[in-house]
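Every number here is computed from the coordinates shown, using simple stated rules; none is lab data. Worth saying up front: this structure is predicted, and the values here are computed from it rather than measured. Neighbour counts run over all protein chains shown; Cβ positions are idealised from the backbone, glycine included.
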Amino acid sequence: MGQNDANLAALLTAPTADLTVEERFIPVPGPGEILIRNHALGMNPIDWKRQAWNFLISSYPTILGTDLSGVIIEVGPSVTAFKPGDRVIGFAHGLISRNLDNCAFQTYTVVKANAAVVMPPSMTFVEGATVPTAVGTATMCLVDVLSLSLSGWAPSSATQPPANAAILVWGGASAGVGNMVMQLAQMAGLTVFATASKHHHARLLSLGAAGMVDYHSPTAVDELVLAAKNAGKEIMYAVDAISNEETLAAVMEVLRKSSSEGTKKTMAHTTPWPQGLASPEDIHAQHVRGDDLWTRREDVCAWLYGEALPGWLAQGKIALSPLRVAGKGISGIQGALNELKGGVSGEKLVVEI
């Protein structure tokens, strides 16, 4: 295979246990799949939550992780869009397939060919590893939950937003999803308002936000409503990239105060709706799941990774989140997850392999 290194994997052997590094066989890609030798792995909040909360795990041992970048070693039958030696980013689907070969946190991963993208020559592996979940989840927010047309994706079910429509991104600086939603929402023709800590405002305004509010402010809701009013906009759509009881309640209040009576209001939330918060009857609220790209919305998956994302990256249409290398090698994954669990603001953590 042109590689001399073993397939080391970070195994989660029991609920809440630390990851242990063990050697596995190098998997073989099947029809429609590619084998990638990973060079960088992106850390996501769902990774530490699955480990700490025994969340979305059907059996042990298991391997976590969805975001990777590396070099293709082998292509499976029927794969024509890629070849060995291609530098790619991949969205690993082990969470759905329950096959450890498809999980990211190891040296070699088998990925669906329709969830991989050749990286531009100028993109580094650590940069590439920040992209898959962020762009996938952001796209699902806009296309699947909010039913909007996005940069060439315009099925019959897509909604053309009113000229005065705006979107609120609560947690615009959240590494990955919030940052990406802000940029893709503008492609969908929406004016963007967002919340973030003050030290992130300048960067997010440079991405095209029409207004920024510090979510620590006790008057954040009223500030957002006033900003939209002054811009002649109504906030009809929202994505809560944090999605706890406090932020969801604030987002609903903004939608109700900013939109005219009778206006359809829609919001996407990135974690399941909290049991302690009443579900809204006047707002369509839907849990966005990036992993639906591998199942229910494979049509969006094929369009996003096969058509849209390669063009966006090549043309520099999307700015990546700030990143930091938080570990080296498979043994560095646990420390990076511990750091992410402890709280990281505005940057994506990556482990180099």
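Distance from the Cα centroid of the range 125-200 to that of the range 13-30 is 33 Å (rounded to whole angstrom). In terms of other Cβ atoms within 10 Å, His216, His93 run from fewest to most in the order His216, His93. Computed 3J(HN,Hα) for the range 35-51, one whole-Hz value per residue from the Karplus formula 6.51 cos²θ - 1.76 cosθ + 1.60 where θ = phi - 60°, is 9, 10, 8, 6, 10, 8, 10, x, 9, 10, x, 4, 5, 6, 5, 4, 5, glycine and proline marked x. Only Cα pairs under 8 Å and 6+ residues apart enter the sum, and on that basis the relative contact order of the chain stands at 18 percent. The ellipsoid equivalent to the alpha-carbon distribution of the range 201-290 has semi-axes of 21, 16, 13 angstrom, derived from the gyration tensor eigenvalues as √(5λ) and listed largest first. Whole-Hz Karplus values for the range 121-136 come out as x, 7, 7, 7, 4, 5, 5, x, 5, 8, 8, x, 5, 4, 6, x Hz, taken residue by residue from phi with 6.51 cos²θ - 1.76 cosθ + 1.60 and θ = phi - 60°; glycine and proline positions read x. Its residue count N sets the reference 2.2 N^0.38 Å, and the alpha-carbon radius of gyration of the chain equals 0.98 times that reference.
Quick query: amide H of Met123 versus all other amide H atoms, modeled in the peptide plane; which residues come in under 5 Å with a sequence gap of 5 or more or a different chain? Under 5 Å from the amide H of Met123 lies no amide H from a residue far enough along the sequence or on another chain. With bins 10 Å wide beginning at 0, the percent of Cα pairs of the range 135-289 falling in each bin runs 12, 47, 36, 5, 0. Only Cα pairs under 8 Å and 6+ residues apart enter the sum, and on that basis the relative contact order of the range 1-150 stands at 26 percent.
Here the Karplus curve 6.51 cos²θ - 1.76 cosθ + 1.60, taken at θ = phi - 60°, turns the phi angles of the range 273-286 into couplings of 4, x, 5, x, 10, 5, 6, x, 8, 9, 10, 7, 10, 9 Hz, with x standing for Gly and Pro. Put one equal scatterer on each alpha carbon of the range 72-139, apply the Debye formula with no solvent term, and list log10 I(q)/I(0) at q = 0.14, 0.15, 0.25 1/Å to two decimals. Here log10 of I(q) over I(0) equals -0.42, -0.49, -1.32. For the range 211-315, GluC sites (Glu not before Pro) meeting the loop criterion (DSSP other than H, G, I, E, B) and having at most 13 other Cβ atoms within 10 Å: Glu261, Glu281. For the chain, a simple Cβ point-charge model (Lys and Arg +1, Asp and Glu -1, everything else neutral) yields a dipole of about 380 debye relative to the Cα centre.
Ordering Ala285, Leu304, Gly332 by the projection of their Cα atoms onto the charge dipole of the range 278-340, which places +1 on the Cβ of Lys and Arg and -1 on the Cβ of Asp and Glu, puts Gly332 at the extreme positive end.
May I ask you to list the lysines whose Cα is less than 16 Å away from that of Lys257, ignoring any residue fewer than eight positions away on the same chain? The reachable lysines, counting only those whose Cα sits under 16 Å from Lys257, are Lys229, Lys233, Lys265. Using the structure shown, select from Lys112/Lys348; Lys198/Lys348; Lys264/Lys341 the pairs with a Cα to Cα distance greater than 28 angstrom. Exceeds cut-off: Lys264/Lys341. Averaging Cα coordinates gives a centre for the range 313-330 and one for the range 241-280; these two points are 30 Å apart. The angle between the Cα long axis of helix 220-230 and the longest principal axis of the Cα atoms of the chain comes to about 70 degrees, rounded to the nearest 10. Per-residue Cβ neighbour counts within 10 Å put Phe91, Phe25, Phe105 in the sequence Phe25, Phe91, Phe105, beginning with the fewest. Counting neighbouring beta carbons within 10 Å and listing from fewest to most, the residues Thr16, Thr191 come out as Thr16, Thr191. Of all DSSP-defined beta bridges confined to the chain, some 55% are antiparallel rather than parallel.
Once C-alpha pairs closer than 8 Å and six or more residues apart are averaged by separation and normalised to the residue number of the range 135-289, the relative contact order reads 23 percent.
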